[in-house]
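Asks: One structure coming up, written as structure tokens, with questions to follow.
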Amino acid sequence: MKGCDKLVDAGRRQFLRGGAMATVGVAASTVLPTNEAQAKPAPARVEYPSNRLANLSQLKSNEPLDISYPDRNSPGVLIKLGTRVPGGVGPAGDIVAFSTLCPHKGYPLSYVAADKTLTCPGHYSVFDCEKSGLQVMGQATQNLPQFTLRVASNGDIFAEGVDELIYGRLSNVL
Amino acid sequence: MAFKRQIDRLPIIPSDAKKQNVTCHFCIVGCGYHAYTWPVNKQGGTDPSQNIFKTDLSKQQGGDTDAWYAPSMYNIVQQDGRDVHIVIKPDKGCEVNSGLGSIRGARMAEMSYSKARATQQQRLTHPMVFRYGQMQPTSWDDALDLVARVTVAMLKEPGGEDNLFVSAFDHGGAGGGYENTWGTGKLYFEAMKVKNIRIHNRPAYNSEVHATRDMGVGELNNCYEDAELCDTIVAVGTNAYETQTNYFLNHWIPNLRGSSLQKKQQELAGEPHAQARIIIVDPRRTSTVAACEVEAGKDNVLHLAIESGTDMVLFNALLTHIVEKGWQDKAFISASTKDFDKAVAANKTSLADAARITGLKAEDIAKAAAWIAEPKEGRRRRAMFAYEKGLIWGNDNYRTNAALVNVALATGNIGRPGGGCVRMGGHQEGYSRPSDAHVGRPAAYVDQLLIEGKGGVHHIWGCDHYKTTLNAHKFKQAYKKRTDIVKDAMNAVPAGDRPALVAAIVDAIKKGGLFAVDVDIVPTKIGEACHVWLPAATSGEMNLTSMNGERRMRLTERYMDPPGESMPDALIAARIANHMERILRELGDAKYADQFKGFDWKTEEDAFMDGYHKHEKGGQFVTYERLRAMGTNGFQEPASDFKDGKIVGTKRLYTDGKFGTKDGKATFMEAQWRGLQAPGKEEQKKKFKYLINNGRTNHVWQNAYLDQDNEFIMDRWPYPFIEINPDDMKELNVSAGDLVEVYNDDGSTQAMVYPTPTAKKGHTFMLFAFPSGVQGNVVNAGTNELILPNYKQTWANIRKLASAPASVKHLSFKSQEYKMG
């Protein structure tokens, strides 16, 4: 048991010193890495751009505006729903934005104003815009990617993030 | 807020990743997938040379691309003891699904056991026994010794093998497959002759489709392509979009859209073709109806919203009308069938009578008959009949099944392209067992016998009666009481004194107790009452063979390690047999012990070769090696040869006009209407206000045994829904998301209100077999004469339990029907 205690202690001291090669006597049997990692520390998540989508003045209630985010190959829609919703921005907390590539097979979604849903003609999925893109019915295995929005003091609306993987890309920012 | 994974990128499959054949282990459709695995410290890149797709992944990929996978298709699992990345994605080359994945199957990776990513941590990893008042992990040998000793002790009591009750899967896919049905079958039907046995979703050991089999028509007799070739699809009690999704999307829809026209013209030249029409028999307007209307146009969809339980009358009226019009296939009837005239006379039903009983319009019934059988420019119309639980778990199963097959036979629609009279199926199939003839007909009503105090030992394999039986409320009460007697007895002796423990258990059984052993992959609801849990491996953690709804057999290759010490069911059965043999020898009963020989399997492949390969029709042509080479397309059973490196299969059954009867003639059957047949149903209908129709939903596989540990699904359905008409909601004073109690004289359960304007007043629809509200609690004990349950025709009252709880505030209660934007 004594030996074990010592090892734990040695490990702790080594950790506190922050050095991997500090313990004399161990070094003799240590092989130096021949190809030490040189990479710069990379961020853990993708860097989302802050893109201006539109100005508040351009939005009409329950009329979707075509946008794209984070780049022009990723179509989306900006909607002023007319009622406050979770995740909504703007003075009435009713503005949301979603990807319009169906996360099932990438078919283009279209907006059903009567239901405030986005629906897919490919395989009949239905996503609720008032419930942060919850898949009401359908074959996608995720709810609809929603764009994180910010409204500037001049009314400009910016997209600054995405909460699910966008269809057709293995990184949201390419 | 709806659940979001906050995943913004995924590891890329490198070009040298290992690729394994996978058939989805959930529904009967059996979509083809591949599992790609690679070491956890490696990754592919966006350059075409660095990824499996040979594609520039720095660019946005188009719709239907092969070069994308959803977060649900990714995980980190163990393979040969090492962590590996895994992507399980649909296979574009599989004829079944052509690259489509459903909301259920496309989550296979995410619903795999992963310590690294903490998914499916509910999985059983070690044998557990009831000890010191709770379930405790132990070794296989210890657990199996206890199981074997108590089981053998009860076999030696008066009653012998009838003291042993068994609940066992009989199917394919997860918790089944040819290997595992053979393993359990050899144990209970060969080493022993257990007759008190039942199947996963019903209280006896019987076919759900006895009638069609008795008529000589096996229930899976066509191929999925027939849905692309027919003139009319007749869908009875099946909500295919939600429950056989990719069969519907990949084979029905093309015909309804008209995009399979070219194929029809090529394969069935010399007759007129148009896009298909569809008749849907279902009391409820489903999302399937909505999708069909969008694709085929409302004029080509005939939704017969029938009075619940009256299907037989409709089918008899169709037969009568078709014969009156002279639309039957006379040549086929005379060459390949018998008893036609007898059945036509006995089942004669006028359109007016049918309209009165079914609540349908007479002209709609006549229209359906025309869509099925009116000749098209002098040529026979091709109709495909597909039925599932609406019929199978409905009123008077046997006669109703027969009445439908009568229509298919009369119109010459079996054994021909664009035809078939098939069940749609729930799970895949994978039945290979020694003869079950000793079980008898009708089979024992096992759940009722358990309630009555019969049986001493209960072995349960991948079944959860608490969620999937009828009369479930009473069953649970009785079962808990009986297993508690044994638990209390076990608590009273030191667990280390094995002889004393076994004696105490046997004594408790004699006092009305029940000793229960649960073999499963997860802790189940019935498992809470059990005394031993044995952890099983599932598909992909073992090599597993099954067939789908067109008898397409594939091998899912083992792509990951089973959790902890869990083992394939076939090997668990073998090890139980080994231990029982040992204990019987210890007791000096060498003769009985000898019956348990032949279980020296080391792998699931040993069980496959002992079972399917040796015993099934065409099995001699089928090996693992050959199946591996056949990939995700496999072959259609039965195999007839092995030629040019391929197993030769059978696309359709009965193409020669010879059926599965002694004389080869399909037999028409009498099926006379006798109202609600199962005991207690008429009384229940009179006494209670609401029809509690019930069934599945798109999101959930089976009884949610894996989904219950998947956030995406539990976020959508924290409770089972009950669809209620808004006018009924007003009367009940309930709002969307409110929790209600559904209750009658047989039991009670809970559900969450989902406002549904398309629901008829007085008709509700509740999600079946869900853990947080079991619909079976309010289904009475009445069955048909062959002990088939009638889940569908259930009536109950409804009252409010609570206003919508916080856990449902984020939910959507909008229409689930697709609408064009």
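The values are calculated or read from the model by the stated rules, or taken from the named source; none is laboratory data. Given the structure is predicted, the values throughout are model-derived calculations rather than measurements. Methodologically, a virtual Cβ is constructed for each residue, glycine included, from the backbone with ideal geometry; neighbour enumeration extends over all protein chains shown. Remember, those area values only see protein heavy atoms, side chains included, never the ligands or the DNA or RNA. Shrake-Rupley method; radii C 1.70, N 1.55, O 1.52, S 1.80 Å.
Asks: Report the Stokes-Einstein translational diffusion coefficient (µm² s⁻¹, integer) for segment B:27-172, Rh taken as the Kirkwood radius over Cα pairs, at 25 °C with viscosity 0.890 mPa s.
Replies: 127 µm²/s
Asks: For segment B:236-252, state which residues have at least 30 Å² less accessible area in the presence of all protein chains than in their chain by itself, taking the probe as 1.4 Å and leaving out ligands, DNA and RNA.
Replies: Those residues are B:Tyr241, B:Leu249.
Asks: Continuing with this model, one more query. Given Cα pairs under 8 Å that are at least 6 residues apart, what percent is the relative contact order of chain B?
Replies: Here the relative contact order equals 18 percent.
Asks: Sort segment A:87-174 into rounded, prolate or oblate with this rule: let a ≥ b ≥ c be the square roots of the eigenvalues of the Cα gyration tensor; rounded if a/c is under 1.5, and if a/c is not under 1.5, prolate when a/b is larger than b/c, oblate otherwise.
Replies: Here segment A:87-174 falls in the oblate category.
Asks: Taking a ≥ b ≥ c as the square roots of the eigenvalues of the Cα gyration tensor of segment B:344-425, is the shape rounded (a/c under 1.5), prolate (a/b larger than b/c) or oblate? Walk me through the numbers before you get to the answer.
Replies: Values: a/c = 1.80, a/b = 1.11, b/c = 1.62.
Oblate is the answer for segment B:344-425, as a/c is 1.5 or above yet b/c matches or exceeds a/b.
Asks: Please report how far the C-alpha centroid of segment B:314-356 lies from that of segment A:83-161, rounded to the nearest whole angstrom.
Replies: Computed from Cα coordinates, the inter-centre distance equals 53 Å.
Asks: Then there's this: Please state the charge dipole magnitude for segment B:731-787, taken about the Cα centre, from unit charges on C-beta atoms (+1 on K and R, -1 on D and E), reported in debye and rounded to the nearest 20.
Replies: It comes to approximately 240 debye.
Asks: Going toward the positive end of the dipole of the protein assembly as shown, with +1 on Lys and Arg Cβ and -1 on Asp and Glu Cβ, which of B:Pro679, B:Tyr479, B:Ser772 do you reach last?
Replies: About the Cα centre, the residue reaching furthest to the positive side is B:Ser772.
Asks: Tell me, what is the per residue accessible area of chain B in Å², probe radius 1.4 Å?
Replies: Per residue, chain B has an accessible area of 33 Å².
Asks: Over the Cα atoms of the protein assembly as shown, what radius of gyration and what Dmax do you get, in Å?
Replies: 29.6, 101
Asks: Moving on. Take the Cα coordinates of segment B:688-781, assign each an equal point scatterer, and use the Debye formula without solvent to give log10 I(q)/I(0) at q = 0.11, 0.21 Å⁻¹.
Replies: -0.29, -1.03
Asks: List the residues of segment B:783-821 that lose 40 Å² or more of accessible area once all protein chains are present, compared with their chain alone (1.4 Å probe, heavy atoms only, no ligands or nucleic acids).
Replies: Listed by number, the residues meeting the 40 Å² cut-off are B:Ser812, B:Lys814, B:Gln816, B:Tyr818, B:Lys819, B:Gly821.
Asks: For a label point 7 Å from the Cα of B:Lys263 along Cα→C-beta, name the residues of segment B:221-240 whose backbone N is under 17 Å from it.
Replies: Within reach of a label on B:Lys263, which here means backbone N under 17 Å from a point 7 Å along Cα→Cβ, segment B:221-240 contributes B:222-234.
Asks: Please check segment B:1-41 for residues whose accessible area, probe 1.4 Å, is lower by 20 Å² or more when all protein chains are in place than in their chain alone.
Replies: So the qualifying set is B:Met1, B:Ala2, B:Lys4, B:Arg5, B:Gln6, B:Ile7, B:Asp8, B:Arg9, B:Leu10.
Asks: Sticking with this structure for a sec: Where the only charges are on Cβ atoms (+1 Lys, Arg; -1 Asp, Glu), what is the dipole of segment B:653-699 about its Cα centre, to the nearest 20 debye?
Replies: Its charge dipole is roughly 320 debye.
Asks: Rank these by accessible area, largest first, 1.4 Å probe: B:Lys92, B:Lys686.
Replies: B:Lys686, B:Lys92
Asks: Can you check what the net charge comes to around A:Ser99, using other residues whose Cβ is under 11 Å from the Cβ of A:Ser99 (Lys, Arg +1; Asp, Glu -1)?
Replies: Numbers: positive: A:Arg169; negative: A:Asp163, A:Glu164.
Overall, the nearby charge balance is -1.
Asks: Between rounded, prolate and oblate, where does chain B land on the alpha carbon gyration tensor, with a ≥ b ≥ c its root eigenvalues, rounded for a/c under 1.5, else prolate if a/b exceeds b/c?
Replies: rounded
Asks: Sort A:Leu56, B:Leu229 from largest to smallest accessible area, using a 1.4 Å probe on the heavy atoms of the protein chains.
Replies: Largest to smallest exposure gives the sequence A:Leu56, B:Leu229.
Asks: Now a separate question. Counting just the Cα atoms, what span does segment B:216-337 cover along each of its three principal axes? Round to the nearest Å and put the largest first.
Replies: The Cα atoms of segment B:216-337 stretch 40, 39, 29 Å along the principal axes, largest first.
Asks: How big is the gap, in Å, between the Cα center of segment B:417-436 and the Cα center of segment B:718-788?
Replies: 30 Å
Asks: Same structure again: Please report the orientation-averaged projected area of segment B:576-619, defined via the convex hull of its C-alpha atoms, in nm².
Replies: So the mean shadow area of the Cα hull is 3.4 nm².
Asks: Kindly sort B:Glu682, B:Glu242 by accessible area of their heavy atoms, largest first, with the probe set to 1.4 Å.
Replies: B:Glu682, B:Glu242
Asks: How much of the accessible area of the protein assembly as shown, in percent, comes from carbon and sulfur atoms when a 1.4 Å probe is used?
Replies: On the way: 18180 of 35640 Å².
Carbon and sulfur: 51 percent of the exposed surface of the protein assembly as shown.
Asks: Using 0.36 nm times the number of residues separating B:Gln122 and B:Thr661, minus their current alpha carbon distance, what extension gain do you get?
Replies: Value of the extension gain: 189.3 nm.
Asks: Under 15 Å from the Cα of B:Lys156, which aspartates and glutamates turn up, not counting those fewer than eight places away in the same chain?
Replies: In chain and number order, the partners are B:Asp507, B:Glu581, B:Glu586, B:Asp589.
Asks: What distance in nm lies between label points placed 7 Å from Cα along the C-beta direction at B:Glu625 and B:Glu711?
Replies: The answer from the label model is 4.7 nm.
Asks: May I ask for the net charge around B:Lys651, where only other residues with Cβ less than 15 Å from the Cβ of B:Lys651 are counted and Lys, Arg are +1 while Asp, Glu are -1?
Replies: Residues near B:Lys651 contribute -3 overall.
Asks: Now for a different question. Work out the charge dipole of chain B with +1 on the Cβ of Lys and Arg and -1 on the Cβ of Asp and Glu about the Cα centre, then indicate which of B:Trp601, B:Thr23, B:Gln50 is farthest towards its positive end.
Replies: Of the listed residues, the answer is B:Thr23.
Asks: Could you tell me which of the pairs B:Lys474/B:Lys800; B:Lys651/B:Lys792; B:Lys298/B:Lys338 are separated by over 29 angstrom between their Cα atoms in the structure shown?
Replies: Result: B:Lys651/B:Lys792; B:Lys298/B:Lys338 exceed 29 Å.
Asks: Continuing with the same structure: GluC sites (Glu not before Pro) within segment B:345-416: which are DSSP loop residues with at most 10 other Cβ atoms inside 10 Å?
Replies: Working: sites: B:Glu363, B:Glu377, B:Glu388; in loops: B:Glu377, B:Glu388.
In loop regions of segment B:345-416 (DSSP not H, G, I, E or B), the sparsely surrounded GluC sites (Glu not before Pro) are B:Glu377.
Asks: Between segment B:216-254 and segment B:132-205, what is the C-alpha centre distance in whole Å?
Replies: Result: 35 Å between the Cα centres.
Asks: In square angstrom and rounded to 100, what buried accessible area do you get between chains B and A, total over both, with the probe at 1.4 Å?
Replies: That pair hides around 4800 Å² of surface in total.
Asks: Sticking with this one: Within 11 Å, Cβ to Cβ, of B:Ala291, how many net charges do the neighbouring residues add up to if Lys/Arg are +1 and Asp/Glu are -1? Mind dumping the intermediate values first?
Replies: Values: positive: B:Arg257, B:Lys819; negative: B:Glu242, B:Glu293, B:Glu295, B:Glu817.
Net of charged neighbours comes to -2.
Asks: Average partner chain C-beta neighbours within 10 Å, per residue of A:100-108?
Replies: Counting other chains' Cβ atoms within 10 Å and averaging over A:100-108 gives 4.
Asks: Also, quick follow-up: Using just the helices of chain B, give the 222 nm mean residue ellipticity in deg cm²/dmol: DSSP H runs with n ≥ 4 each add -39,500 (n - 2.57), and the total is spread over all residues, rounded to 500.
Replies: Mean residue ellipticity at 222 nm (helix-derived): -7500 deg cm²/dmol.
Asks: For segment B:1-46, run through the trypsin sites (Lys or Arg not before Pro) and keep only the ones in DSSP coil with at most 14 other Cβ atoms within 10 Å of their Cβ.
Replies: B:Lys42
Asks: Can I ask one more? Hey, got the dipole for the protein assembly as shown? About the Cα centre, +1 on K and R Cβ, -1 on D and E Cβ, debye to the nearest 20?
Replies: With only Lys, Arg, Asp and Glu charged at Cβ, the dipole is about 640 debye.
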